[in-house]
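Reading through the structure tokens given below for one structure.
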């Protein structure tokens, strides 16, 4: 049952060294504040799972927190490469990391299978794809009716999933709107789930019945962090900070500049700083 | 691309003798008007697919239109048995029918697999269940990672699916709200899809982005039939006619009474009669 | 229950529903079958378990209906739900995903090991009576954390051997579930109109652990199609409290009024 | 295009985007890659193909963005979409379900058979440059009805042998797709900044079928890492019309203004 906690405590109670953790968000609603809190608390040996590792995983890899990355697209969305991730993969800096690489279809299906309590996901994929040769976690099953050979990948079952969402009700139900990505699946697939939200409302009365709502009993902890998705965005609250994504390309290009930026913008800051980062990006609510 | 057609033409152009047809709806939004039109047009040798065959399949079976029923719960919801269906299965009246019986989980997964373009659905099911022994379409696959044996059923791919929905926009997008059942999957799994709707609106501007909308290019034909779901209901438009379900138990108990009722209420009626059947069930829009 | 005031008069059906409702906990997530299970689950919600999550297979999660639904997909369920999902999602993420703590089922035929038949009386190919079939029950029986069953006793319903295994209970007893790779508990409770039954820890055979007030062993035995076993120390089911009985009767009265309201006769 | 007025001056990039846009039809359902494909698809929508359905892998179906998204999941895509679905649904029902007529991809490395690498330069285990990876492309390449590719020509990008098979095109050519059980058409069009290429009907090797205005065979050949083949009858790509060029430039100007609008410097 969801408990409302300060972010620091929500992270401390639900993430452990060596965990398999997913900080999910598909361009939209990236849980940046939770990731920065995890960085401040200095976890180690994490297996970081995400379809689209972007700035926050670049930062966690650059800070030496990751043992392994499971992913399907490791880019700075709309900008280019992830330079800290590259440095780790190409040069083993700050230390070598393992990678397990999939396609989006495989990762999406693997989260779906995790949410569905299945040991593996079955889909039509990886035909002719080089990943099937370098990733031992790509298997196959044969349709017993047609004989067609389909791809199979193990279900994803993170120890803990972190997501950012628009709203929680007082009883702890969580609403996700807009580009919803794989967040619902990532939460339902995980043993524990921590959600940061823009705001808490009294209740969800009057909400359309078919929206994406995670009932309180599927969530472990909720922390209220307005702006907690910056420089990503929260549909209905504030826009994407495209400039910050462009800037990251320069910051992350240099090891020292990266370190200095992290020191100034993450290590010495708190989740309370996020609200002001999005103040210029807020817009009239649609 | 969806064409707006009178119901008679929509049915005539999209249903053929011998087709595998799904008239889907999970208690809510049952496409009664479309089924009655199909009855009037007198199709034969149909394979009728539906998780919850209820009054309309009882009627189609009683009228001798069905060669086979694929289903997971053949009851009059909340009332009891389907007496015309029973008469066909137990006594071969008006003629014997084949049945292919599944669990809800299997049917839901089979529609999902059909929508997903897969040859079969894989799920954890049928363990210890008698249906696995009497239904040759229950197979298995083995997870290549854990060795767990999972159930498999062939994907459902109807020639045509009929559903009822609340609204279409002028360009032919379709909105389904409330208890959405397997309608989206049944439409996407089918070669052709016919939708009856309560009303047509200019556009869906301002609609929440995450509602269940079938884009116009996934639908073959749309017919406007207010009340077209009676005695089922349309969330936001009118309530379920529980009394009609209770009455059906008596009507269907007797072969002659059934015939007379069909003659009076289906054969001599048209889809234009549905609006008046729900007038006493309409309620203040929520 | 002991210090609550017991109601003076009640029917066996009321006792059944109320005894069944008492088994549910405030933090349960319950997959609700229609009929007697639905009444018991909602009485629980309206009395001692206000936080219970009730789920119906139509996709409605966390419903709080003011009246009992006639069907598994009445509008009332959606109107009062926390959220309503598609039926494939219901069976994949919520049931198969292991999110359900209790599956609450009724039965047409039941055997001593909690195996249920709602498919057919007679042979499957040559049925004497074709029943509606399993619906969600086969996978509820294997995927829900545990299964509660409620039904009125009769020799026709509680039988030596069921005609069809719609939902697997404990099979032939013992560790039969485990041997089939089913890792949930299966039937852990049977509440009838006469008694409360629980499976023997070893054989898994349903054993009477409590008799409802005024019910005799003989009455239980003669309305049961298998030789009924009784626990060494038989309890008496506490009679319904005023609150329980009022809650159930109010719910049923509201339900009756609501289902009558839309009768065509009255509207014309 | 022939009777539309050609614009006097345009860049090779503009010609590429516009030539690519012309391949799309009004009834296409197009899975859009970011960058050059996104611009081409939206120019098509704003000119000759207003009915086209554009789908981005973030789950946005039938989008009509007023400005080009920087990422595949910008809010603009959701705000203007017919509907927005989850990412698992996107890949299951819409891509794997066979609902996509055209997948429009870019490439870091491309070979003559339309095989694409966006994963790694150098060995997979010892990368010289680690690229972002495939994302949706591996299954777009096999599940979309056909694949259009657009990229600027360079010997570094159009290579004799790609370092990694991110997305399978025609493999080693001929019927290689069929032999792998892939039943879609694969790459049927390549539009570069210099030319339009189509696969040979038999060998499936990309062959130049049209040169953009003012481009020579030599220029195409020297910017291509494999020995370029030319069709017997080479067409000249019609120059951009005023409408096409204005539409593209307006779109890009709106995009630039929108992406600059939220720069922090300006807000402070």
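Each residue in the stretch B:232-283 was checked for being outside any helix (DSSP H, G or I), more than 14 Å from chain C (Cβ to nearest Cβ) and more than 16 Å from residue B:87 (Cβ to Cβ), and 3 of them qualify. Scanning the stretch D:62-81 for residues being surrounded by fewer than 23 Cβ atoms within 10 Å (Cβ to Cβ) and touching a strand residue (DSSP E or B) at 6+ places or on another chain (Cβ under 7 Å) gives a total of 1. For the stretch A:178-208, filtering for residues that are at negative phi and either crowded, with 23+ Cβ neighbours inside 10 Å or in a strand (DSSP E or B) (or both) leaves 21.
Among the residues of the stretch A:168-177, those identified as in a strand (DSSP E or B) and within 12 Å of another protein chain (Cβ to nearest Cβ) are A:169, A:174, A:175, A:176.
Scanning the stretch A:24-43 for residues that are touching a strand residue (DSSP E or B) at 6+ places or on another chain (Cβ under 8 Å) and over 15 Å from residue A:14 (Cβ atoms), we see that the one that is surrounded by the most Cβ atoms within 10 Å (Cβ to Cβ) is A:30. When D:181, D:173 are checked against the criterion of being part of a loop (DSSP other than H, G, I, E, B), on the phi > 0 side of the Ramachandran plot, in contact (Cβ under 8 Å) with a residue 60 or more places away in the chain and more than 14 Å from the chain's Cα centre (by Cα), a single residue qualifies: D:173. Can you pull out every residue in the stretch C:199-209 that is part of a strand (DSSP E or B) and free of Cβ contacts under 8 Å to residues at least 40 places away in the same chain? Correct list: C:207, C:208, C:209.
Inside the stretch C:95-114, residues that are touching a residue at least 24 places away in the same chain (Cβ under 8 Å), in a loop (DSSP other than H, G, I, E, B) and within 8 Å of another protein chain (Cβ to nearest Cβ) make up a count of 2. Could you list all residues from the stretch B:63-82 that are over 18 Å from residue B:20 (Cα atoms) and in contact with a strand residue (DSSP E or B) (Cβ under 8 Å, 6 or more places away or on another chain)? Within the stretch B:63-82, B:75, B:81, B:82 qualify.
In the stretch D:197-216 there is at least one residue that is in contact with a helix residue (DSSP H, G or I) (Cβ under 6 Å, 6 or more places away or on another chain), surrounded by 19 or more Cβ atoms within 10 Å (Cβ to Cβ) and farther than 28 Å from residue A:130 by Cβ.
Reported count of residues in the stretch D:131-170, each being part of a loop (DSSP other than H, G, I, E, B) and closer than 24 Å to residue D:220 by Cβ, is 14.
Of all residues in the stretch C:214-254, those satisfying the criterion of being touching a strand residue (DSSP E or B) at 6+ places or on another chain (Cβ under 7 Å) and not in a loop (DSSP other than H, G, I, E, B) are C:217, C:220, C:229, C:230, C:231, C:234, C:235, C:236, C:241.
This table checks each residue for (1) more than 10 Å from every other protein chain (Cβ to nearest Cβ); (2) surrounded by fewer than 24 Cβ atoms within 10 Å (Cβ to Cβ); (3) in contact (Cβ under 8 Å) with a residue 24 or more places away in the chain.
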residue	(1), (2), (3)
A:50	yes, no, yes
A:67	yes, yes, yes
A:75	no, yes, no
A:86	no, yes, no
A:89	no, yes, no
A:102	no, no, yes
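Checking A:253, A:223 one by one, the residue that is over 19 Å from the mean Cα position of the chain (by Cα) and surrounded by 14 or more Cβ atoms within 10 Å (Cβ to Cβ) is A:253 and no other.
I want to confirm something. Restricting to the stretch B:113-167 and keeping residues that are assigned to a loop (DSSP other than H, G, I, E, B) and more than 14 Å from chain C (Cβ to nearest Cβ), which single residue is farthest from residue C:95 (Cα to Cα)? Once the filter is applied, the top-ranked residue is B:159. Going by the conditions given, is residue A:189 under 26 Å from residue B:179 (Cβ atoms), in contact (Cβ under 8 Å) with a residue 40 or more places away in the chain, assigned by TED's automatic domain parsing to the domain that holds residue A:172 and touching a helix residue (DSSP H, G or I) at 6+ places or on another chain (Cβ under 7 Å)? The answer is yes for residue A:189.
All of (1) in the same structural domain as residue A:197 (by TED's automatic domain parsing); (2) on the phi > 0 side of the Ramachandran plot hold for residue A:128 with one exception: (1).
If you filter the stretch D:73-94 down to residues that are part of a helix (DSSP H, G or I), more than 7 Å from every other protein chain (Cβ to nearest Cβ) and under 22 Å from the mean Cα position of the chain (by Cα), you find that the one that is farthest from residue A:26 (Cα to Cα) is D:94. Before we move on, is residue C:125 over 18 Å from the mean Cα position of the chain (by Cα) and either at the interface with chain B (Cβ under 10 Å from one of its Cβ atoms) or assigned to a strand (DSSP E or B) (or both)? Answer is yes for this residue. Can you tell me which residues in the stretch D:133-175 are surrounded by fewer than 24 Cβ atoms within 10 Å (Cβ to Cβ) and within 8 Å of another protein chain (Cβ to nearest Cβ)? If the condition is that a residue be surrounded by fewer than 24 Cβ atoms within 10 Å (Cβ to Cβ) and within 8 Å of another protein chain (Cβ to nearest Cβ), then D:165, D:171 are the ones that fit. Across the stretch A:91-100, the qualifying residues are those that are part of a loop (DSSP other than H, G, I, E, B) and touching a residue at least 12 places away in the same chain (Cβ under 8 Å), and the one among them that is surrounded by the most Cβ atoms within 10 Å (Cβ to Cβ) is A:97.
Residue A:101 meets all of the listed conditions (1) more than 15 Å from residue D:132 (Cα to Cα); (2) touching a helix residue (DSSP H, G or I) at 6+ places or on another chain (Cβ under 9 Å) but one, namely (1).
The residues of the stretch C:25-53 that are away from chain B (no Cβ under 14 Å) and under 13 Å from the mean Cα position of the chain (by Cα), listed by number, are C:30, C:40, C:41, C:42, C:43, C:44.
The values are calculated or read from the model by the stated rules, or taken from the named source; none is laboratory data. This one's a predicted model, so the numbers in the text were calculated from it and none came from an experiment. Neighbour counts run over all protein chains shown; Cβ positions are idealised from the backbone, glycine included.
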